[in-house]
1. Given 109, 57, 81, which one lies farthest toward the positive end of the charge dipole of the range 26-113, if we put +1 on the Cβ of every Lys and Arg and -1 on the Cβ of every Asp and Glu?
2. State the extension gain, in nm to one decimal, for the chain segment bounded by residue 107 and residue 26, taking 0.36 nm per residue of separation less the distance between their alpha-carbons.
3. Can you work out the accessible area per residue across the range 86-135, with the rest of the protein chains kept in place, probe 1.4 Å, in square angstrom?
4. Each residue of the range 142-158 in turn: what ³J(HN,Hα) in whole Hz from Karplus with 6.51, -1.76, 1.60 and θ = phi - 60°, glycine and Pro shown as x?
5. What does the charge count around residue 164 come to, taking other residues whose C-beta lies under 13 Å from its C-beta (Lys +1, Arg +1, Asp -1, Glu -1)?
6. If I take R0 = 25 Å and measure r between the Cβ atoms of residue 140 and residue 83 in this structure, what FRET efficiency does the formula 1/(1 + (r/R0)^6) give, to the nearest 0.05?
7. Mind listing the phi-derived Karplus ³J(HN,Hα) values for the range 23-37, rounded to whole Hz, using 6.51, -1.76 and 1.60 with θ = phi - 60°, and x for any glycine or proline?
8. If amide hydrogens are placed 1.01 Å from N in the peptide plane, which non-local residues have theirs closer than 5 Å to the one on residue 33?
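The values are calculated or read from the model by the stated rules, or taken from the named source; none is laboratory data. No experiment lies behind these values; they were computed from the predicted model shown. Cβ: placed from backbone, ideal geometry, glycine included. Neighbour counts: every protein chain shown. Protein only, heavy atoms only, side chains kept; ligands, DNA and RNA dropped before computing areas. Shrake-Rupley method; radii C 1.70, N 1.55, O 1.52, S 1.80 Å.
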Amino acid sequence: MSSLFSHHIEEIQTTEVPSAQEVRTDLYIISELPSGELWQAFAEYMHLWWPLELRSSHEAHVELTEELLVEENAENELVPLAETVHYVPGDVIALQPVENALGGAFVDGLSFTFDEEDEGSSLEMSSGIIGPQDIAPDAELGVYARDREVAQMLLGGFARFIGTSLKGDKP
């Protein structure tokens, strides 16, 4: 088919540049704990490390189940914070927050991926839902800039609980 124009128009190749809010940065911890113990400390003792800034009150108790992340408030009411999308011990926990939970962050979900290391284990946090053992080489891991503050509260609270520090890219 011939061009409708008398001169040739070159197609300009553009690459999409993500907005500042969509840029991902690494956020993780390294622990001397074996992977199974790291998983247990994270999932079963969440009520001990969950940040107060993300609770409705000091008396609130946060618990993770295979179906939900819930908070039991001071009036003993169970308030869902997120739906558990994936709950695979030793591998991944992926959550889809309910509207306005977790400070309004993680609208695309959040995932915690666990991994064995030479001398212990690691836990990485990412914006979005990551499936079990689905971490492909081109998978987009890391936390969006818009989620970073809440992510640092969450993973930082857990890091302090197990006696390690938060690691990752600078914002």
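1. Farthest along the dipole direction, towards plus: 109.
2. 27.3 nm
3. Numbers: 2220 Å² over 50 residues.
Heavy-atom SASA per residue in the range 86-135 reads 44 Å².
4. Computed from phi, the couplings for the range 142-158 are x, 10, 4, 4, 5, 9, 4, 4, 5, 4, 5, 4, 5, 5, x, x, 5 Hz.
5. In short, -2.
6. 0.75
7. 5, 9, 10, 5, 8, 7, 10, 10, 10, 7, 5, x, 3, x, 6
8. Result for residue 33 returns 121.
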